[in-house]
Every structure is written in structure tokens, then in C-alpha cells.
Amino acid sequence: MSQSESLPAKSSLPEISATELTALYRGMLLIRRVEELAAKAYTQRKILGFCHLYIGQESVAVGAAVSTKDDYWMAAYREHGHAMAKGVSPKAMMAELFGRATGCSKGQGGSMHIFDKAHKFMGGYGIVGGHVPLATGVAWAIKQRKEGRVAVVFFGDGATHQGAFFEALCLAQLYKLPVVFICENNFYAMGTPLHRQSAVTSLKFRADGVGMVSEQFEGFDVEVVRERVAAASDFARAGKGPVLLEIVTYRHRGHSMSDPAKYRPDGELDEKKKSDPLAITKARLTDDFGLVDADFEAITDDVEAEAQAAWTFAHDSPIPDPATLYDFTYAPTEA
């Protein structure tokens, strides 16, 4: 495979309908509202430890899910939105954030370790770049089992400077594994801007060293993400090899709840909010599909009810039994 090869200009997806785009808008709005409630819960000390919010980046996970809903996903520690886009219920996720027994990781993982086997969401991980090789391993298993699926792994721009990241790409390309590497480039590794992290600021070029197909695009429009991730997953699923996608995005909040984000230049956040994924999709639904204020009010009311139900469920759920603390440390042994 030559480095000059590229993804097809069009994926196998049909043209988007008003019904589908409305569902994508609702999915993004639900993530936004649940994350806002998580921020509130953190300030009330109902959520302890670290908490990294996905506000502003919702279009990436929601758009990617369209073509990879039945595939395996892995993410880093900013994974609440990915989990919900993949199908994890807001109740199970919020309960996990609250550290409750009804959480998707039984209250033992917390914000950075959402996991749901039933939805093939193979976890959030707290070590920067450390989870990228896991996607290569999952893709190896997919190929050996002839499952016809792909592994999809999400990580930030800071992870692209880690040795494990390069090694994962090298092996994935060597064995032509069905994996889509998605770099969500929000321009900050914690508080360090991209130009102070790397001399190469177009991160898609990370793939060139192993001859991997790559593409960079802005991910503020969920329709663009939907289309380009589908093209990448089509490519990988067909046995042509892995793909690196650099999706340009922007987080509206700090790195974590403890970060006031004072390192941003004055005016940058306000400028980036002009590309808010929710605003872009709302405008498209209004201008091209004829939705009116009453339609959006109904969607908002429905989302608010679901988000508040998740809060109530988490708040009222029991804490884990301390006796179960080591249940998932080791694999069970035969008696």
C-alpha cells in the first residue's frame, strides 16, 4: 500500500434523512445535558476523583456511532460522550460517576473507567495513549475470528506523542488490521497548546511513517463525521488496512473539573463556540428540513427528563458492597 492512497470520497451510507439527523441532534443534546449535570454533581461532591467533560466535542462520538454501532470501541478518560453514543444508558453511566453499585462498572471504575461489554464499549482508560495498543489487539482478534467488525479507538492530540501510540500504528499497518484510530484534536494536551507539543501540527502525518492511510477534517458538523468515519470503517472492514483520522474539534470546558482553563488566549473560546456542533445541526434541521421552535422544545424537554432521571437513579442507588472490591481484580478460578 502506498502512502499516497486515500479514503474514497463517498462512504456506503445513504443520504441523511430528517429523522436520522434529528436523532443525531438529540443524541448530542443528551450528552451535553448529562455532562452539565455531571459538572453540577462534581461541585456538590457527589462525584469524586477526576471528571473530564466532553462538552463541545459531542459531534465526534455521535457521528462515529452511525457506521460503527456494532463494532468495538475504546476511549481515553474523556469518554462519557463516547459511552452514551455507543449505547450505554445515561442511568448506568451517571450511576458509575456517582460510584454506585448500579453503574456500568458496578461503581468501581468511576469517570475514567466506563465499561459496557453488552454494547462493545471496551472501556475508558486513564493512561494517556496507553489504550491505543489495546485497539490493535482487539483488531487482531477480530481478524482471527473473521467477525467482519472494526475496532475504533479515540484519543487526544497529546496521545499522539507517546511511544505506545506509534507501536500500535506500526503493528496495525504491518498486519493490515481492521482498526480506525481517531485522534480528537482539541488543540490542548491538558493545558499545553498543540504548537508547544509538536513541531508537526497536522497530526494525520503521524501515519506516514508506517504507510497508513490518513485524513484530517473538521468535526464540528456531525454529518461530516458521520460520512468520513463511515468511509474509514468501510476501508478497514474491507481488509484494506487501518486508518488514522484526525478530527479537529474543541472542548468548551477545562481539561478536567479542576482546570479553570486560563491558558486559553482571550476570545478563543467565544470564537470556537461559533462552531458549536449543536448550533450547526440545529441550523441544518431548521433551514433544510423545516423543523420549528416547537420541535426543538419537544426534543429539549424529552432530553431534560431523561437526564434528570439519570441523576435521580444515580443518587438513589446503593453504594457497592465493600466485600466486592476485589471481585474483578483476578479472573475466577476453578474450585
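What full-extension length gain, to one decimal in nm, is calculated for T201 and L269 as 0.36 nm per residue of separation minus the Cα-Cα distance? Let's see the in-between values first.
Details: separation 68, 0.36 × 68 = 24.48 nm, distance 1.98 nm.
Net length gain for the segment: 22.5 nm.
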Assigned charges on the beta-carbon of Lys, Arg, Asp, Glu; the stretch 18-316 dipole about Cα centre (debye): 1180
How long are the three semi-axes of the equivalent ellipsoid of the chain, in whole Å, if each is the root of 5 times an eigenvalue of the C-alpha gyration tensor, listed from largest down? 29, 26, 21
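For the stretch 216-335, what Kirkwood radius comes out of the mean inverse Cα-Cα distance, in Å? All intermediate terms of the calculation are to be shown ahead of the outcome.
Working: mean 1/r = 0.0509 Å⁻¹.
Here the Kirkwood hydrodynamic radius works out to 19.6 Å.
Sort 65-74, 88-97, 104-113, 316-325 by the packing proxy (mean of other Cβ within 10 Å over each peptide's residues), most packed first.
Working: 65-74: 22.7, 88-97: 24.6, 104-113: 20.6, 316-325: 11.6.
Peptide ranking by packing, descending: 88-97, 65-74, 104-113, 316-325.
Quick one: of the DSSP bridges fully inside the chain, what percent are antiparallel, nearest 5? Numbers along the way, then the final one.
Working: 3 of 26 bridges.
Restricted to the chain, the bridges split so that about 10 percent are antiparallel.
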Would you list R26, R251 from fewest to most Cβ contacts within 10 Å? R26, R251
Across 10 Å bins from 0, what is the distribution of all Cα-Cα pair distances for the stretch 54-147, in whole percents? 18, 48, 30, 4
Once both label points are put 7 Å beyond Cα along the C-beta direction, the F328-K240 separation in nm becomes 3.7
Fraction of alpha-carbon pairs in the stretch 1-61 farther than 15 Å apart, rounded to whole percent, equals 67
Leaving out same-chain residues fewer than 8 places away, which aspartates and glutamates sit with a Cα under 13 Å from that of K86? E58, D70, D71, D116
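Between rounded, prolate and oblate, where does the stretch 181-280 land on the alpha carbon gyration tensor, with a ≥ b ≥ c its root eigenvalues, rounded for a/c under 1.5, else prolate if a/b exceeds b/c? Please list the in-between numbers first.
Values: a/c = 2.69, a/b = 1.57, b/c = 1.71.
Oblate, since a/c reaches 1.5 and b/c is not below a/b.
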Hey, in the GNM for the chain with a 10 angstrom Cα cutoff, which one of R196, R237, R33 fluctuates hardest? R196
Could you point to the residue in V138, L291, H255 farthest towards the positive end of the chain's charge dipole, with +1 and -1 charges on the Cβ of Lys/Arg and Asp/Glu respectively? V138
Name the helices (complete DSSP H segments) of the chain with a Cα length along the long axis of 15 Å or more and a Kyte-Doolittle mean of at least 0.5, or state none. 58-68, 163-174
For the stretch 137-179, state the semi-axes of the equivalent ellipsoid (square roots of 5 times the eigenvalues of the alpha-carbon gyration tensor), sorted largest first and rounded to whole angstrom. 21, 11, 6
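For the stretch 125-199, what is the convex hull volume of its Cα atoms per residue in Å³? Please list the in-between numbers first.
On the way: hull volume 6.0 nm³, N = 75.
Dividing the Cα hull volume of the stretch 125-199 by its residues yields 80 Å³.
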Proportion of all alpha-carbon pairs of the stretch 1-129 beyond 25 Å (%): 28
From the cross-link list K146/K204; K106/K176; K143/K273; K10/K106; K10/K69; K10/K272, the entries with a Cα-Cα span beyond 31 Å are K106/K176; K143/K273; K10/K106
Using the 10 angstrom Cβ neighbour count as an exposure proxy, how do H195, H52 rank, fewest first? H195, H52
Quick one: check the C-alpha center-to-center distance for the stretch 55-129 versus the stretch 163-235, whole angstrom. 20
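Only the coordinates and a few stated rules stand behind these numbers; no lab work does. Keep in mind the model is a prediction, meaning the values are calculated, not measured. All Cβ positions, glycine included, derive from the backbone under ideal geometry; neighbour counts span all protein chains shown.
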